[in-house]
Amino acid sequence: MRADIRTAVPEDFRAVLALWQAAAEPTSTDSAETLTGLLRRDPGALIVAEADGRIVGSVIAGWDGWRGSVYRLAVAPDHRRDGLGRSLLRAAEDRLAELGARRQHAIVVGTNASAVAFWRATDWEHQRGQQRFTKG
Ligand SMILES: CC(C)(COP(=O)(O)OP(=O)(O)OC[C@H]1O[C@@H](n2cnc3c(N)ncnc32)[C@H](O)[C@@H]1OP(=O)(O)O)[C@@H](O)C(=O)NCCC(=O)NCCS
């Protein structure tokens with residue numbers, strides 16, 4: 001099924017949060033308030049895929065002026081393996097390139113087999129030997 005890929009607006013937040021509940025691991029930043037802050041800071045960072053009036057995919061293409069960060073790539077279970085993940089990633093890459101990002105990165109949970117398989121099928125490089133430190 002064809003899906004339109006477009007920049008999200010605040011009216012999409014509820015559906016995006018529902019998508020993440022159904023299609024992704026929960027994170028402490030999944031809230032309308034955080035999404036409002038994201039778009040205030042980086043308008044256009046949230047990209048969605050819509051099919052038949054329903055939000056079926058998402059990606060955050062964040063730009064802080066230094067590096068492009070891809071977060072929250074998710075496709076509804078009933079729309080997977082149809083190229084939507086690839087299309088969303090391409091939209092994220094295009095946005096980041098237009099903004100001037102020369103380096104982009106994404107964090108992939110190593111035990112998430114479908115996510116690892118997806119990223120391995122892209123032209124992104126898997127960096128070994130890097131360690132991730134987090135707070136919060
Ligand atoms: C990862 C995810 C976004 C992929 O979305 P998708 O729309 O199914 O991906 P695509 O159809 O564009 O797949 C592109 C390629 O990735 C690989 N791939 C994707 N899912 C795969 C799976 N479950 N098993 C094996 N390979 C897979 C395949 O090579 C596929 O190409 P093919 O279908 O022609 O064989 C989706 O599975 C998802 O939402 N998972 C839950 C959330 C998540 O883990 N997000 C990633 C965070 S880093």
Review point. Roughly speaking, what is the stretch gain from Val116 to Gln21, that is 0.36 nm per residue apart minus the C-alpha to C-alpha distance, in nm to one decimal?
Key: 32.2 nm
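For segment 1-134, what is the Kirkwood estimate of the hydrodynamic radius, computed as the reciprocal of the mean inverse distance between distinct Cα atoms, to one decimal in Å?
Values: mean 1/r = 0.0656 Å⁻¹.
For segment 1-134, inverting the mean 1/r across all distinct Cα pairs yields 15.2 Å.
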Practice item. Calculate, for Arg14 and Arg41, the FRET efficiency according to 1/(1 + (r/R0)^6) with r their C-beta to C-beta distance and R0 22 Å; round to the nearest 0.05. Key: 0.60
Check your understanding: Considering the chain as a Gaussian network with a 10 Å cut-off on Cα pairs, which listed residue, Trp63, Trp119, Trp20, attains the greatest mean-square fluctuation?
Key -> Trp119
Review point. Where the centroid of each part is defined by its Cα atoms, how far is segment 9-57 from segment 61-121 in Å?
Key: 14
Revision key, fill the gap. Nearest-0.05 FRET efficiency for Asp64 and Glu98 at R0 = 25 Å, using Cβ-Cβ distance, is 0.95
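Coordinate-derived values only; no laboratory data. Owing to the predicted nature of the structure, the values given are computational and were not obtained by experimental measurement. Don't worry about glycine lacking a Cβ; one is built from the backbone with ideal geometry, like all the others, and counts go over all protein chains shown.
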